[in-house]
Amino acid sequence: MIEHYDVLIVGGGLSGVGAASHLQRDRPGTSLLILESRGSIGGTWDLFRYPGVRSDSDMFTLGYSFRPWTDGAAIADGESIRAYIRDTVRDEDLGPRIRTNHRVIAAEWSSSEAVWTVKVLLTGEGDYVAESAGAAESNRTVTFTCSFLFVCSGYYRYDQGYSPVIDGLEDFAGTVVHPQHWPTDLDYVDKRVVVIGSGATAVTLVPSMAAAAKHVTMLQRSPTYMAPVPRGDRLADGLRGRLPVRAAYSIVRVKNIAYSMATYHLSRRWPELMKSILRKAAVANLPAGFAVDTHLGPNYQPWDQRLCAIPDGDLYAAITSGAADIVTDSIDRVTENGLQLASGAHLDADVIVTATGLNLLIFGGVELTVDERPIDVSKTLAYKGMMLEGVPNFAFTIGYTNASWTLKADLVARYVGRILRRMDRRNEVTVIPRAPSAVREGLVGPLLDLQAGYIQRSIDLAPKQGRRPPWRLRQNYLRDFLLLRVGKLGDDVRFGRRDGTDATSRVHAIRDADALSGVSYLYAGGLRLRHRVSGEGRPLVLLHGIGQSLEDWNEQHDRLSSSHRVVSLDLPGFAYSERPGSPVTLEELAGVLPAFLDALGIRGAVDVVGNSLGGAVAMFFAATNPSRVSSLVLVDSAGFGKEVAMALRLLAVRPLGSLLVRPSAGSSDRMLRSIFHDQTLVTPERISRALSLAQRPTHAATVLDVAQDLGTIFGVRRAWREPLLRTIAQLDFPLLVVWGNEDRVLPSRQLRAAIASLPRAKTHVFAETGHMPQIERPDEFASLVRTFLRENAATTRHEGATA
């Protein structure tokens with residue numbers, strides 16, 4: 001039996017345990033489970049066991065907001081942090097909600113069920129190693145489902161650290177070790193140790209190993225900024241015993257947040273001043289004659305890369321005592337007994353520690369799929385630095401790069417709690433961030449805005465940031481606090497409500513709409529679009545009219561799919577496709593088509609058929625993307641004249657329009673009778689389908705938007721018609737314009753205007769036919785279109801390319 005949870009949390013480290021604790025507190029009764037790939041909890045703090053491993057942030061900000069840090073050391077060692085996490089699990093009663101040796105490898109979202117299906121690999125007693133997983137994975141997997149997926153797995157690979165290729169390393173007679181996989185039995189007492197690297201790990205290792213080693217050298221290719229900081233906290237020491245523990249913790253936490261923000265902004269605004277402060281500290285703590293500028297003077301600005309904290313100046317003390325030193329040089333090759341440097345010098349070594357960094361791994365390597373569409377995380381935008389555009393019911397935690405990780409993790413967890421409580425109150429089942437097109441325009445930056453090597457090596461794998469908040473963050477706790485703790489929940493986000501109190505009826509309604517063969521969903525342009533594909537061959541795209549759906553093309557799917565790959569879709573906002581956040585316009589309807597075709601793997605030019613509004617959309621698409629259109633077939637198309645049915649004119653008047661779109665069987669019946677000349681086509685089934693569409697609020701709102709964009713009470717606007725027709729007339733692809741001679745929506749006399757505007761176009765009139773010849777004259781229509789496309793196949797730019 002598959003287990004289902006309200007929330008599945010991926011990762012049992014500091015972030016995952018904190019997230020579970022916050023959710024239990026903020027949303028009592030939440031069923032949740034933490035899945036941890038390793039054999040024990042603790043994440044980073046359980047993985048790294050090298051000498052001296054410690055926090056590089058103070059524990060008053062690295063600790064949880066709800067659990068005071070009471071130890072005397074502000075900069076804590078790894079064991080103390082592991083104990084803090086274990087104690088939190090115990091006190092929050094999270095033990096039964098944690099499964100270790102469970103590695104999440106894939107998660108698939110189903111919109112019809114509003115649920116994630118999560119594939120989990122059982123890693124056994126040992127830690128997961130990607131290269132050893134092999135074909136046995138299929139025999140060691142289990143499945144869970146959840147309503148919300150929360151990834152708290154950090155951003156680097158646990159099973160493999162970064163190890164650059166170093167010439168001759170295999171010739172070294174001593175021991176080579178990477179800090180990420182430190183052997184418990186490593187003996188370095190009275191040994192000569194070379195630590196390759198200059199980041200936080202190397203800065204921690206050197207003074208720790210120097211206490212027992214014969215000598216430790218930190219070999220760096222380029223320097224890093226270093227700041228001596230007190231290991232303790234004087235304010236915390238002063239308040240301890242004088243104030244309640246929680247009150248004292250809160251005061252020190254606020255002080256340290258303010259201090260870290262101030263020093264960061266000082267560094268960014270007045271970098272030369274910060275350089276001077278750091279240099280003076282180094283000179284004051286290092287022996288006379290130490291080459292400070294050579295070894296501690298980076299060629300970048302402070303906080304372009306993370307600044308390394310050295311508690312009580314321990315690294316400087318080790319150098320001053322002679323137990324350690326720093327060499328700034330490049331490695332030529334490793335020899336049997338040390339390292340030959342580019343300068344010609346040689347470093348003797350018995351132990352080489354490759355503190356060369358991490359390998360980036362976004363979301364723990366979990367493969368995300370939404371409605372059978374794989375998500376390329378690198379092409380998504382991050383919303384508030386914690387959700388992904390177009391990915392429903394999903395959040396992730398990536399902490400600050402310029403402050404304590406947990407400050408951001410706490411904010412994210414509390415925000416997820418706010419979202420879930422809102423969804424509970426309003427009977428909502430989905431939450432999906434949607435980026436307006438303006439957010440994507442111009443420069444789109446990386447989510448991780450830090451120049452550290454381990455980030456830059458794989459930054460292209462990470463999500464991106466948009467132009468403005470909430471799609472761009474500033475690594476600023478105060479701003480994020482206002483945004484995530486008290487800011488609006490609905491900015492650029494769409495919440496999906498149940499149509500009724502019965503979730504089963506909601507699912508069945510969607511399934512009925514998708515009963516046609518070939519109907520599915522994909523995401524394009526940030527929108528979830530319902531579409532249908534049938535047949536093989538040249539792509540043929542069919543676009544419906546205002547207030548309609550892809551069902552308008554059922555008869556043509558049946559007839560044209562024998563010779564073409566026939567594609568139809570519910571245009572954005574209509575029927576079951578998602579509605580954009582802003583009012584829907586002709587430009588927006590056409591603008592989604594390139595991304596839609598890309599998502600289907602169609603890269604070349606396509607033949608496009610548009611009926612009514614769909615004809616205008618087709619023309620706008622061709623005008624703005626001429627290289628992607630082979631030919632146009634315009635069926636009773638909008639755009640050739642001012643005249644239009646009075647009902648559509650009234651829709652352009654907002655108060656009247658709102659009354660007219662109120663759903664009723666009578667109004668659906670009248671609408672269909674105005675469309676078809678053959679009244680026998682106004683069947684109970686068609687009336688029921690039209691009514692079900694009219695009952696969808698997003699569909700009705702889109703009808704009003706488009707009616708007002710294209711027309712007024714006086715008819716179709718000239719302002720968009722005439723420039724569009726002039727552009728189409730200048731394009732050289734084949735055109736076919738057809739009309740039903742009994743059209744009561746757009747009168748057939750507009751065909752004369754079409755001939756005048758597009759003199760190269762072929763034309764055809766269907767006798768005794770209304771506004772939808774593709775339905776009233778399906779065989780004649782299909783034959784006409786097939787012949788037109790075949791005759792023009794040799795002369796069009798159609799490439800027939802699909803990916």
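Details
- Global geometry of segment 730-788, whether rounded, prolate or oblate, following the gyration tensor of its Cα atoms and the 1.5 cut on a/c: oblate
- Pairwise FRET efficiency - S31 versus D732, Cβ, R0 = 41 Å, nearest 0.05: 0.10
- Counted residue by residue at 0.36 nm each, then reduced by the alpha carbon distance between them, the extension gain from F481 to R240 reaches 84.0 nm.
- Furthest towards positive pole of dipole, L651, L586, Q24, structure part the chain, Cβ charges: L651
- Assigned charges on the beta-carbon of Lys, Arg, Asp, Glu; the chain dipole about Cα centre (debye): 2960
- Only the Cβ atoms of Lys and Arg (+1) and of Asp and Glu (-1) were treated as charged; on that basis the dipole of segment 275-422 about its Cα centre amounts to roughly 1080 debye.
- Taken one residue at a time, the phi angles of segment 14-27 give Karplus couplings (6.51, -1.76, 1.60, θ = phi - 60°) of 4, 5, x, 5, x, 4, 4, 5, 4, 5, 4, 6, 7, 9 Hz. Gly and Pro are set to x.
- Relative pair counts by distance (%), Cα atoms of segment 626-707, 10 Å bins: 15, 40, 33, 12, 1
- For the chain, share of DSSP beta bridges that run antiparallel, in % to the nearest 5: 40
- Using θ = phi - 60° and Karplus 6.51 cos²θ - 1.76 cosθ + 1.60, couplings along segment 780-786 (whole Hz; Gly, Pro as x): 4, 4, 4, 5, 4, 5, 4
- Averaging 1/r across all pairs of distinct Cα atoms in segment 513-650 and inverting the result yields a Kirkwood radius of 15.0 Å.
- With helices as the sole contributors, the chain gives -10000 deg cm²/dmol at 222 nm; each DSSP H run of n ≥ 4 counts as -39500 (n - 2.57), and the sum is divided by every residue.
- Amide H contacts under 5 Å for V609, placed H, 5+ residues apart: V541, L542, L543, V633
- For the chain, the residue among L315, L758, W45 whose Cα projects farthest onto the positive side of the dipole built from Cβ charges is L758.
- Portion, in percent, of the accessible area of the chain that falls on carbon or sulfur, probe 1.4 Å: 52
- Largest-first ordering by accessible area, 1.4 Å probe, given options Y225, Y162, Y259: Y259, Y162, Y225
- Backbone phi angles across segment 359-372, fed through the Karplus curve with coefficients 6.51, -1.76 and 1.60 (θ = phi - 60°), yield HN-Hα couplings of 9, 5, 8, 6, 6, x, x, 5, 7, 9, 9, 10, 6, 6 Hz in residue order; Gly and Pro are listed as x.
- For segment 166-308, a Kirkwood hydrodynamic radius built from all Cα pairs, placed in the Stokes-Einstein relation at 10 °C and 1.306 mPa s, yields a translational diffusion coefficient of 87 µm²/s.
- Dipole axis of the chain (+1 Lys, Arg; -1 Asp, Glu on Cβ), positive-most option in M59, G95, A106: M59
- Degrees between helix 697-710 axis and first principal axis of the chain (Cα, 0 to 90, nearest 10): 70
- Reciprocal of mean inverse Cα separation for segment 687-777 (Kirkwood radius, Å): 15.4
- This model, with +1 at the C-beta of Lys and Arg and -1 at the C-beta of Asp and Glu, gives segment 181-304 a dipole about its Cα centre of some 500 debye.
- For the chain, convex hull of alpha carbons as volume per residue, Å³: 197
- Per residue, the convex hull volume that the Cα atoms of segment 1-69 enclose (Å³): 96
- Sequence-distant residues sharing a close amide H with T141 (under 5 Å, placed H): L122
- Longest to shortest principal axis, alpha-carbon extents of segment 94-243, angstrom: 62, 59, 30
- Viscosity 0.890 mPa s, 25 °C: Kirkwood-radius Stokes-Einstein D of segment 287-395 over Cα pairs, µm²/s: 129
- Rolling a 1.4 Å probe across the protein heavy atoms gives segment 141-233 an accessible surface of 40 Å² per residue.
The values are calculated or read from the model by the stated rules, or taken from the named source; none is laboratory data. All values derive from a computational prediction rather than experimental measurement. Every residue, glycine among them, receives a Cβ derived from its backbone with ideal geometry; neighbour counts consider all protein chains shown. These accessible areas exclude ligands, DNA and RNA; they are computed on the full protein's heavy atoms, side chains included. Shrake-Rupley method; radii C 1.70, N 1.55, O 1.52, S 1.80 Å.
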